[in-house]
Amino acid sequence: MGETISLVINIGLPLTLLVVAYIVGTIIERRHFKSIERREASLREFPAMTSEQIPAGWTATESQLMVGSIVVSLDYFKRIIAGLRGLIGGRVKTYEPLLDRARREAMLRLLEQARTHNFDAVINVRLETSRMANSQGDRGTAGVEMLAIGTAIRLAGQ
Amino acid sequence: MSESRGRFVARQADPSINVSDTHPLAEAGVLFAGLGAVFIAVVIISVFLVDILVGLVSIEREAKWFGSLRYDEIGELMDGARITTDHAEHQKTAALLETLSEYWPERAYQFRLLIAESSVPNAVALPGGTIVVTSRLLDDVESENELAFVLAHELGHFHGRDHLRRLGRITLISLIYNATIGSGGFASNLSDLSLRGFDRQQERDADRFGLELCAAHYGHIAGTGDFFRRLDQGPRSLLNRYVDTHPGTTERLDDMTAFAREQGWPENGTLTPWSEPSTVDEQP
């Protein structure tokens, strides 16, 4: 009996959690990608560039620092699969969509903010990440912050 | 588009290059299957490796390492039961163990019998020659033959040096596990499960050795399977506990009967009583 209980707790529980995390994680991810694609399409005409200089021929009348940020965390499924991947090395495929979402969401937040404030473009766009430490020591990570920064400019005659 | 913006052409970036096409479940499947195969290979190799290493450890060395286990240390291994030799039937049981061990002339162990105060009928062989029997087992025993088989079965574990093998396997596999997946219940349970096949083989061998000693001592094997038969009728929880690591009771009894027939040992005979009748009429 005690044996059965410990089997259920030690093996059954993680497996159940794995399945639940996969299903929930997939649903959330799909929804997020849909939202990202929709918003990206609406921002397609809004210029964002990495150049530090205002492009030749543009005349800026106003500028402001814009920040878009998102904190993402792993679900249990991704964590386990990435952990197994960590044993043998190689492309950590389960992290890719997660970081792709984070990058694009941070950019979207930056651009949406700029558009809300009636700016016309964002230049000198930079992406930064910072790892957040786990509260339970140094095993794993609590999440990653994706920070998008840029200078929003308003152009003359707009 | 305004003049001041120059030649800006809006284009949607292609995001797909940053995300691989592999389905996460396919990735999970490949990783689990691949690492599972590696794990099975590691288990098999370590079992052979440990068997070789156990052969190198002399019984004297084993006794030196484990023979001085303290009662409280043993108690911890027995779910926290109190370990004692202060039990009404300790001496009698130890004497029976001594008698049985004499049928194994090559033994090099100094056996020590201890009693664990527990409500679960059980007997355990520990490295170094220690046999622990629970008080419940002694309370339930109906014949000397039945108890003799339990003790002889544990002697069989020493004969196969199963306790050392098991200890070695578990230690080795846990080490590998902790180095890779990390410690925790999951790892210990998985290593435990992966060794079940070997456990069952050990139990079967110990049963056969036990039968041999009983047949030599009593001239028949009657009563030897009674302990298992009673366990089988007991509460489910007990049964579950037992069959998890041991072969199924029926399977086990069948194997014992078949082995006894093969050896030509009589299956029937007079049982030697264990507990004296509680009220003895005074003789005039």
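The values are calculated or read from the model by the stated rules, or taken from the named source; none is laboratory data. Remember, it's a predicted structure, so these values are computed and weren't measured experimentally. Reconstructed Cβ throughout: ideal geometry from the backbone, glycine too, with neighbour counts over all protein chains shown.
On the stretch given as segment A:98-114, residues that are in contact with a helix residue (DSSP H, G or I) (Cβ under 6 Å, 6 or more places away or on another chain) and within 13 Å of residue A:72 (Cβ to Cβ) total 3. A search for C-beta distances below 8 Å between a residue of segment B:7-23 that is closer than 21 Å to residue A:92 by Cβ and of a type outside the set (S, T, N, Q) and any residue that is at pLDDT 85 or above and outside any loop (DSSP other than H, G, I, E, B), counting only pairs 6+ apart in sequence or on different chains, returns B:15/A:100; B:15/A:104; B:19/A:96; B:19/A:97; B:19/A:100. A search for C-beta distances below 7 Å between a residue of segment A:16-36 that is under 13 Å from residue A:75 (Cα atoms) and any residue that is among the β-branched types (Val, Ile, Thr), counting only pairs 6+ apart in sequence or on different chains, returns A:18/A:80. The residue of segment A:124-153 that is surrounded by the most Cβ atoms within 10 Å (Cβ to Cβ), among those that are modelled with pLDDT of 95 or more and over 15 Å from the mean Cα position of the chain (by Cα), is A:150. The one condition from (1) within 12 Å of chain B (Cβ to nearest Cβ); (2) outside any helix (DSSP H, G or I); (3) touching a Gly at 6+ places or on another chain (Cβ under 6 Å) that residue A:54 does not meet is (3). Pull up segment A:87-107, narrow it to residues that are of a type in the set (A, V, I, L, M) and in a helix (DSSP H, G or I), then point me to the one that is farthest from the other protein chains (Cβ to nearest Cβ). That would be A:106.
Looking at A:84, A:110, can you tell me which residue is surrounded by 13 or more Cβ atoms within 10 Å (Cβ to Cβ) and more than 11 Å from chain B (Cβ to nearest Cβ)?
Numbers: A:84 fails: more than 11 Å from chain B (Cβ to nearest Cβ).
Residue meeting the stated conditions: A:110.
Here no helices (runs of 4 or more DSSP H) wholly within segment B:50-165 include at least 1 residues being polar (S, T, N, Q), modelled with pLDDT under 85 and buried (at least 17 other Cβ atoms within 10 Å of the Cβ). On the basis of being modelled with pLDDT under 90, over 23 Å from residue B:272 (Cβ atoms) and surrounded by fewer than 18 Cβ atoms within 10 Å (Cβ to Cβ), does residue B:183 make the cut? Taking the combined requirement at face value, the residue satisfies it.
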